[in-house]
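Chemist: Below you'll find the structure I mean.
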Amino acid sequence: MPAAYDQYLVPVVFRPFAEDLAARAAALRPRRILELAAGTGTLTSSLLKAAASAEVTATDLNEAMVAFGAARVPDAVWRQTDAQSLPFPDGGFDLVVCQFGVMFFPDRHAAFAEVRRVLAPGGRFLLNTWGPLGTHAFGAALQEALERAFPSDPPRFLPTVPHGYSDPAVVSAELTAAGFALEEERELTLEGRAASAADVATGFLTGTPVRAAVEERGDAPTIRATVIEEMTARLGPGPVAAPMTAYVFCATS
């Protein structure tokens, strides 16, 4: 999964937002950065370039992602870590960043409390979350294709997890409840570009938990062909481009 995720989804879906978040991080002039849910290291790499003087510690719960990221971005310190129980001392970082990861935390209150604990006084928490699924043209096309392939029981991973924390008012309220002062909340729409709709479909079907959901339901090759056909019909043949909307938050400890 990490290799497929990194090959097909990272350049199209995640890198544009990683470059934006890294630029915002660099503007804060951090010295010690902790990254949560680092995945294969696309934001990690962007942080090291944009904030070259900062020390970056990248963490993820998934061991395979950490191994892949450590090989891909060796200049960061990598740790396999649960964001709800961080193995770092109080006040050890002046910036914590998380790209499209907070929606995966089973207990966000515990995770946000841990972020606040490891931040120095006045430190910042910089994060982004996806908007509703309908504002992400690639994801929406994939979900529509899955609903065609499984009319009675389509996988619901995309709308319930990555796009299941898409109300900025809820995010802001939970940050405030954890003791943060919200400095900025911004809606951001960027364009993703892929060589083909088939590449995007392959990324979601082999590089995310959608893979397991599809394999549980039937003939994966046939389903993949149906999904690629439907996504190509919706997004077009050849190189494709599509808008993707997210929300960016910056909060102070």
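The values are calculated or read from the model by the stated rules, or taken from the named source; none is laboratory data. Small disclaimer: the values here were computed from a predicted structure and weren't measured. Counting neighbours? That spans all protein chains shown, and the Cβs are built from the backbone with ideal geometry, glycine included. Each accessible area value is taken on the protein alone, full model and side chains, heavy atoms only, with ligands, DNA and RNA left out. Shrake-Rupley method; radii C 1.70, N 1.55, O 1.52, S 1.80 Å.
Chemist: Using the Cα centre as the reference, give the magnitude of the dipole from point charges on the C-beta atoms of segment 161-248 (Lys, Arg: +1; Asp, Glu: -1; all else neutral), rounded to the nearest 20 debye.
Modeler: The calculation lands at about 320 debye.
Chemist: Using 7 Å Cα-to-Cβ label points, what is the Ala181/Gln7 separation (nm, one decimal)?
Modeler: 4.9 nm
Chemist: Sticking with this structure for a sec: Over what distance in Å are the Cα centres of segment 92-148 and segment 7-31 separated?
Modeler: Each part's Cα centre sits 13 Å from the other's.
Chemist: Under a point spin-label approximation (7 Å from Cα along Cα-to-Cβ), what is the Asp107-Thr160 distance to one decimal in nm?
Modeler: 2.2 nm
Chemist: Something else: In debye, nearest 20: dipole of segment 16-146 around its Cα centre with unit charges on the Cβ of K, R (+) and D, E (-)?
Modeler: Once rounded to the nearest 20, the dipole reads 380 debye.
Chemist: Relative to the present Cα-Cα distance, how much length would full extension add between Ala212 and Val77 at 0.36 nm per residue of separation?
Modeler: 45.6 nm
Chemist: Taking the Cα centre of each part, how many Å lie between segment 150-191 and segment 204-222?
Modeler: If we compute the Cα centre of each part, the gap is 24 Å.
Chemist: If you don't mind, there's one more thing I want to ask. I want the local charge near Leu235. Using Cβ-Cβ distances under 12 Å, sum +1 for each Lys or Arg and -1 for each Asp or Glu among the other residues.
Modeler: The answer is -2.
Chemist: Arrange the peptides 121-128, 164-171 so that the one whose residues have, on average, the most other Cβ atoms within 10 Å appears first.
Modeler: My ranking of the peptides, most packed first, is 121-128, 164-171.
Chemist: Also: When the C-alpha atoms of segment 140-233 are aligned to their principal axes, what extent does each axis show, in angstrom, from largest down?
Modeler: 50, 28, 20
Chemist: So, one more: When the Kirkwood radius is taken over all Cα pairs of the chain, what Stokes-Einstein diffusion coefficient follows at 4 °C and 1.567 mPa s, in µm²/s?
Modeler: D = 70 µm²/s.
Chemist: Roughly how many Å² is the accessible area per residue of segment 1-142, as a whole number, for a 1.4 Å probe?
Modeler: 39 Å²
Chemist: Considering only protein heavy atoms and a 1.4 Å probe, what is the carbon-and-sulfur percentage of the accessible area of the chain?
Modeler: Carbon with sulfur: 51 percent of the solvent-accessible area.
Chemist: With a 1.4 Å probe and all protein chains left in place, how much accessible area per residue does segment 160-218 have, in Å²?
Modeler: Heavy-atom SASA per residue in segment 160-218 reads 46 Å².
Chemist: Still on this structure: Ignoring everything except DSSP H segments at least 4 long, calculate the 222 nm mean residue ellipticity for the chain; use -39,500 (n - 2.57) per segment, divide by total residues, nearest 500.
Modeler: Helix contribution divided over all residues of the chain: -12500 deg cm²/dmol.
Chemist: Would you work out the charge dipole size for the chain about its Cα centre, treating the Cβ of every Lys and Arg as +1 and the Cβ of every Asp and Glu as -1, and quote it to the nearest 20 debye?
Modeler: That gives the chain a dipole magnitude of about 460 debye.
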